[in-house]
Amino acid sequence: MSSESFFAQLPEMVVGQDRPVPTLNGERRFVNLDNASSTPTLQPILTKVCDFLVHYSNVHRGTGFRSRLASWAFEEARTIIGRFVNADPEHDVVIFTRNTTEALNKLARLYPFRTGGIVLTTLMEHHSNDLPWRRRCRTVPIETRPDGALDLDHLTQLLAEFRGRVELVAVTGASNVTGFVNPIHEIARLAHEAGARVVVDAAQLAAHRPIDMKKHTDPEHIDFLAFSGHKMYAPFGVGVLVGDRRLLGQVEPDLVGGGVVHLVTSDKVFWNELPGREEAGTPAVVGAVALAAACRLLEKAGWDRIRKHEGRLAHRMVDCLNKTPGMRIYGATAAQRLEDRLPVFAFNINGWRHSLVAAILGCEGAIAVRCGLFCAHPYMLRLLDLDPPTVRKLSQELCTGNYSNLPGAVRASIGIYNTDEDIDALGEWLQIITAQRYQGRYRLIPSTGGYAPEPTAFGDYWVEQWTDLSQHFSFDIP
């Protein structure tokens, strides 16, 4: 099969795509526009997992055929993933973790900070690339421009102001809110010129753009990189931390237990080398196999085709969103700027609660989106133009358990398998919502800030539909 025909068949490869989901109006075709949160798996990846499970065994010291084969598959997956981001095999190591969050927390604990060291983060970071650094040292945020893009002039200013004290520049490869793709190699060059290193949270980036960490001798080299399988069509519980082997091995292991040692005596421990010393316990071998298969699948689909397809759908989505009365999209949406961002769109509709819009889309349109602050609270609060007094008032309400006024937006995000029909369905339902032609009645849940449909003439949605759904999925073994 040619790569072109392979790409054309991606919509049919989504596992579960042929199964409708219950709505207030009966069963409908499921439209998944929540890919920035997590992606479904694709049939070729599931097939590789099932093929491997026939031979599954624990890795490393087993002498049986299956253990030897599993050990080979585990290490081959590590090699494939390293090549996927062009890691430097002489200096970099690929460490398996559960997800991007764990990878960045691990890096924060392992990094040999100097006294008084500073980490420059950005205002647009996901909490996973912000909070771990706050626990280790002082952090200083790099500002964003009015449209939400990163302010590189402010980065240059901060590197000069704190020259000699900046240990790391921690930056997202692409925003999970506005989709802006950051110039990670330019940022790396600026950081290296100032004597700092750069860590890139590539959780959003890895499924949409090729990544090149480059050689350590290159001024634009990426020192550390983290990403997850579940955002790359391999939701099997694995992420990776890729980076400088020498630096990651300077302190004692983050977690201790089986696999991290050469030898333990009654009074002494001889630690293993990387990556083993940072992969305590039985690893998620199946997840590693799945992630490697996902890397191969993305390469087969072809980055040019992926970018062209997602870019075309991004233009279509902006057109659909802009036809909705009262629409506000966060981040640049001009046609020439869509090339600078991933197909991730956070928006609000004047006069409508974001969580109500999301609830109607899911419960009546069978359209999966996400709403809220997207684990990027400082960024969202800035984009929403909320002043400090308002934020303080909201904080007081949240502390009492009342989330009724929790701010946020709706987010729709595109994957490689999405189609014109998916985008058009979103546009159609936004028109239905703003024209108040939806049929359900919804109640606010103060403890979450979300909305749930009330029992209506359709019957009790939550009881009847979920009872029916449980017949499709059960833990009972026949």
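Applied to the stretch 92-108, the Karplus parametrisation 6.51 cos²θ - 1.76 cosθ + 1.60 on θ = phi - 60° returns per-residue 3J(HN,Hα) values of 9, 10, 9, 10, 7, 10, 7, 6, 5, 4, 5, 4, 6, 5, 4, 4, 4 Hz, with x for Gly and Pro. Listed cross-link partners Lys48/Lys231; Lys106/Lys215; Lys106/Lys300; Lys48/Lys300; Lys214/Lys308 are compared with a 21 Å cut-off, the Cα-Cα value being larger for Lys106/Lys215; Lys106/Lys300; Lys214/Lys308. If you bin all the Cα-Cα distances of the stretch 1-118 at 10 Å, starting from zero, the percentages per bin are 10, 22, 32, 22, 11, 3, 0. With the cut-off at 1.5 for a/c, could you classify the stretch 166-269 from its C-alpha gyration tensor as rounded, prolate or oblate? The shape class here is oblate.
The listed peptides 240-247, 86-93, ordered by packing as a protection proxy, come out as 240-247, 86-93 (highest mean of other Cβ atoms within 10 Å first).
Give the angle, between 0 and 90 degrees and rounded to the nearest 10, that separates the Cα long axis of helix 388-399 from the longest principal axis of the Cα atoms of the chain. Orientation of helix 388-399: about 90 degrees from the principal axis. Amide H contacts of Arg370 (H built 1.01 Å from N, in plane; Pro and chain starts excluded): Arg411 sit under 5 Å, all sequence-distant by 5 or more or on other chains. For the chain, carbon and sulfur atoms together expose 52% of the accessible surface, with a 1.4 angstrom probe and every protein chain in place.
For the stretch 271-287, 3J(HN,Hα) computed residue by residue from phi via the Karplus equation (6.51, -1.76, 1.60; θ = phi - 60°) reads 6, 6, 8, 6, x, x, 5, 10, 10, 5, x, 6, x, 7, 4, 4, x Hz, glycine and proline entered as x. Can you work out the base-10 log of I(q)/I(0) for the stretch 130-210 at q = 0.22 1/Å, using the Debye formula on its C-alpha atoms alone? After summing over all Cα pairs, the log10 values are -1.13. For the pair Asn322 and Thr47, label points projected 7 Å from Cα toward Cβ lie 4.1 nm apart. The residue among Ala359, Tyr111, Asn418 whose Cα reaches farthest toward the positive pole of the charge dipole of the chain, with charges on the beta-carbon of Lys, Arg, Asp and Glu, is Tyr111. For the stretch 261-395, a simple Cβ point-charge model (Lys and Arg +1, Asp and Glu -1, everything else neutral) yields a dipole of about 500 debye relative to the Cα centre.
Note on the stretch 199-338: percent of Cα-Cα distances in each 10 Å bin, starting at 0 and stopping at the bin with the largest distance, equals 10, 26, 30, 19, 10, 4, 1, 0. Working from label points 7 Å from Cα in the Cα-to-Cβ sense, the Arg135 to Ala452 distance is 3.2 nm. Remark on the stretch 389-452: Rg and Dmax equal 16.3, 44 Å (Cα only). Overall shape: oblate for the stretch 244-283, with the ratio a/c of the largest to smallest alpha carbon gyration tensor axis at 1.5 or above and b/c at least equal to a/b. Taking amide H as placed 1.01 Å from N in the peptide plane, Trp271 has its amide H under 5 Å from the amide H of His262, each at least 5 places away in sequence or on another chain.
What are the semi-axes of the equivalent ellipsoid of the stretch 312-401, taken as the square roots of 5 times the eigenvalues of the Cα gyration tensor, listed largest first and rounded to whole Å?
In descending order, the three semi-axes are 26, 18, 12 Å.
Classify the stretch 29-78 as rounded, prolate or oblate, taking a ≥ b ≥ c as the square roots of the eigenvalues of its Cα gyration tensor: rounded when a/c is under 1.5, otherwise prolate if a/b is larger than b/c and oblate if not. Cα axes put the stretch 29-78 in the prolate bin. Between the stretch 1-35 and the stretch 72-118, what's the alpha-carbon centroid distance in Å? The stretch 1-35 and the stretch 72-118 have Cα centres separated by 33 Å.
Rounded to the nearest whole Hz, the Karplus-based 3J(HN,Hα) values (6.51 cos²θ - 1.76 cosθ + 1.60, θ = phi - 60°) of the stretch 189-196 follow the sequence 4, 4, 5, 5, 4, 9, x, 10, with x at glycine and proline.
So, R0 is 51 Å and r is the distance between the beta-carbons of Asp18 and Leu255; what FRET efficiency does that work out to, to 0.05?
Values: r = 41 Å, r/R0 = 0.80.
Step by step, r from the Cβ atoms, then E = 0.80.
Adding -39500 (n - 2.57) for every DSSP H run of four residues or longer, then dividing by how many residues the chain holds, sets the calculated 222 nm ellipticity at -10500 deg cm²/dmol.
Shape analysis of the stretch 183-235 based on the Cα gyration tensor places the equivalent ellipsoid semi-axes at 24, 9, 9 Å, largest first.
The separation of the stretch 353-382 from the stretch 385-414, counted between C-alpha centres, amounts to 13 Å. Think of a 1.4 Å ball rolled over the protein heavy atoms: the stretch 90-157 then has 43 Å² of accessible area per residue.
The values are calculated or read from the model by the stated rules, or taken from the named source; none is laboratory data. Since we're looking at a predicted model, the values are computed, not measured. Every residue, glycine as well, gets a Cβ built from its backbone with ideal geometry; the counts of neighbours run over all protein chains shown. Ligands, DNA and RNA are stripped out before the accessible areas are found, and what is left, the full protein with its side chains, is counted by its heavy atoms. Shrake-Rupley method; radii C 1.70, N 1.55, O 1.52, S 1.80 Å.
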